[in-house]
Amino acid sequence: MRILHILDHSLPLHSGYVFRTVSLLREQRARGWETIQLTTPRHSVPSMPVEEVDGWVFHRTLLKPKPWHRLPGAIYLDEMRATARRIDELVRRYKPDVLHAHSPVLNVLPAIRVAHKYRLPVVYELRALWEDAAVDHGTTTEGSLRYRASRALESFALRHVDHITTICEGLRRDITLRGIEPERVTVIPNAVDPRVFRVGGAPDLTLRRRLGLEGATVLGFAGSFYAYEGLDLLIDAVSQLAARRPELRLLLVGGGPQEQALRKQARDLGIDNRVVFAGRVPHDEIQHYYDLIDVLVYPRRPMRLTEIVTPLKPLEAMAQGRVLIASDVGGHRELIRDGETGYLFRAGDVYALAATIEAVLAQRSGWDVVRAKARRFVETERTWASSAARYVHVYRQLPSRGRTPLAV
């Protein structure tokens, strides 16, 4: 079976989106399926029409900036036209059995258009809803004209594809509430490969000294600094605990739109000597930073995105046998069993976060049990191999539309 995947972006960029893509492609290849990878113009790294990265071949959709792209919506239309032309070229060249378009909706609309021409089935892998992503990044507001238009496009796409896969139960529920038949929606959950995560790595003493963390109890976060991550709550909680926990430090690894505001917050609270901003770290070095952290904290704020979407980072922490604290938004509750594989606190409540941090630090004797249960959960329920196995059911039930039925 040959599958044409249509992607927003890919390697050499590093993101949760890319990590999921490569992991699932690898598992599909292991099943003997042939995959072809196409990125849309939204892949922001300058590249050639065809590019090989880390052994993967990516076909690119190139689009030169035009003066009219400044007009509202114009660039999206041009992106979709360019993507449709590129999909058409690859369909004629490789004759895929399935078009598998991944979020955002701008990727699936061109796929639907080309699929109709060649009588091909379309799978839409919805990782996040486009209207919610716009709200969460501050480019629109819920209920605005742009929000309603984005939602309408998403709903149109969901009605006109043959099958929908999504990453979690929260998104599945949202999709079915739009009138989509439940049997047309399959959850392919986020996962990890436990073999690539080291359990109990020794701290790098030189790095610890360089970051000023010697003798400290370290709370940590690694990822993008978006407002919905709630890192301001974490800084406030550290401020509340400072007097009682003089050894406490916060290590923030990464960067993003909120970085300057977070730095200012730490200075204004007088704890900038307790909050270490490590900056963005190369992927092959991130493990050294994880090894310095005693407790990982994911204080996501309650909103539509965090309630319905499950993140990857807590799964990676559990695969490493890490102790973690997370807010009780829906996306976290789907992954973490409070008191068993991690600890949950009431989302958006800085006092609850501070109290949970203090309680967890006082329970060090029970950490080994929590670590072991977290690792076991990942090994038994959340591997990429088990997630990718669900595609067999998805592809097997696709309509042939006069073509030879798929041999999955």
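Computed values, structure above
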item: Any hit, the range 61-68, residues being in the same structural domain as residue 167 (by TED's automatic domain parsing), at pLDDT 95 or above and on the phi < 0 side of the Ramachandran plot; result: yes
item: Residue match in the range 125-144 (condition: under 23 Å from residue 184 (Cβ atoms), modelled with pLDDT of 90 or more and outside any loop (DSSP other than H, G, I, E, B)); result: yes
item: Matching entry among 188, 164 (being in contact (Cβ under 8 Å) with a residue 60 or more places away in the chain, buried (at least 19 other Cβ atoms within 10 Å of the Cβ) and either among the hydrophobic types (A, V, I, L, M, F, W, C) or in contact with a strand residue (DSSP E or B) (Cβ under 6 Å, 6 or more places away or on another chain) (or both)); result: 188
item: So residue 208, is it within 26 Å of residue 328 (Cβ to Cβ) and basic (Lys, Arg); result: no
item: Among residues of the range 348-388, those that are of a type in the set (A, V, I, L, M, F, W, C), farther than 18 Å from residue 314 by Cβ and in contact (Cβ under 8 Å) with a residue 40 or more places away in the chain, counted; result: 5
item: Qualifying residue in the range 17-27 (condition: assigned to a loop (DSSP other than H, G, I, E, B), among the hydrophobic types (A, V, I, L, M, F, W, C) and either buried (at least 18 other Cβ atoms within 10 Å of the Cβ) or touching a residue at least 40 places away in the same chain (Cβ under 8 Å) (or both)); result: no
item: Search result, residues across the range 233-269 that are under 21 Å from residue 210 (Cα atoms) and small (Gly, Ala, Ser); result: 254, 255, 266
item: Filter result for residue 244 (of a type in the set (Lys, Arg), in a helix (DSSP H, G or I) and outside the structural domain of residue 154 (by TED's automatic domain parsing)); result: no
item: Residue among 124, 76 that is over 22 Å from the mean Cα position of the chain (by Cα), under 29 Å from residue 307 (Cβ atoms) and among the hydroxyl-bearing types (Ser, Thr, Tyr); result: 76
item: Output for the range 274-318, where each listed residue is part of a loop (DSSP other than H, G, I, E, B) and without any contact (Cβ under 8 Å) to a residue 12 or more places away in the chain; result: 282
item: Residues (crowded, with 18+ Cβ neighbours inside 10 Å, out of contact with any Phe, Trp or Tyr (no Cβ under 9 Å at 6 or more places or on another chain) and over 19 Å from residue 359 (Cβ atoms)) located in the range 236-284; result: 265, 271, 274, 275, 276
item: Residue list for the range 27-68, filter: basic (Lys, Arg) and either closer than 19 Å to residue 9 by Cβ or in contact with a helix residue (DSSP H, G or I) (Cβ under 9 Å, 6 or more places away or on another chain) (or both); result: 31, 42, 60, 64, 66
item: Residue check for residue 199: in contact with a Lys or Arg (Cβ under 9 Å, 6 or more places away or on another chain) and buried (at least 18 other Cβ atoms within 10 Å of the Cβ); result: no
item: Flag for residue 175 being surrounded by 13 or more Cβ atoms within 10 Å (Cβ to Cβ), at pLDDT 95 or above and within 19 Å of the chain's Cα centre (by Cα); result: yes
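The values are calculated or read from the model by the stated rules, or taken from the named source; none is laboratory data. As the structure is a prediction and not an experimental result, all values here were calculated from the model. Don't worry about glycine lacking a Cβ; one is built from the backbone with ideal geometry, like all the others, and counts go over all protein chains shown.
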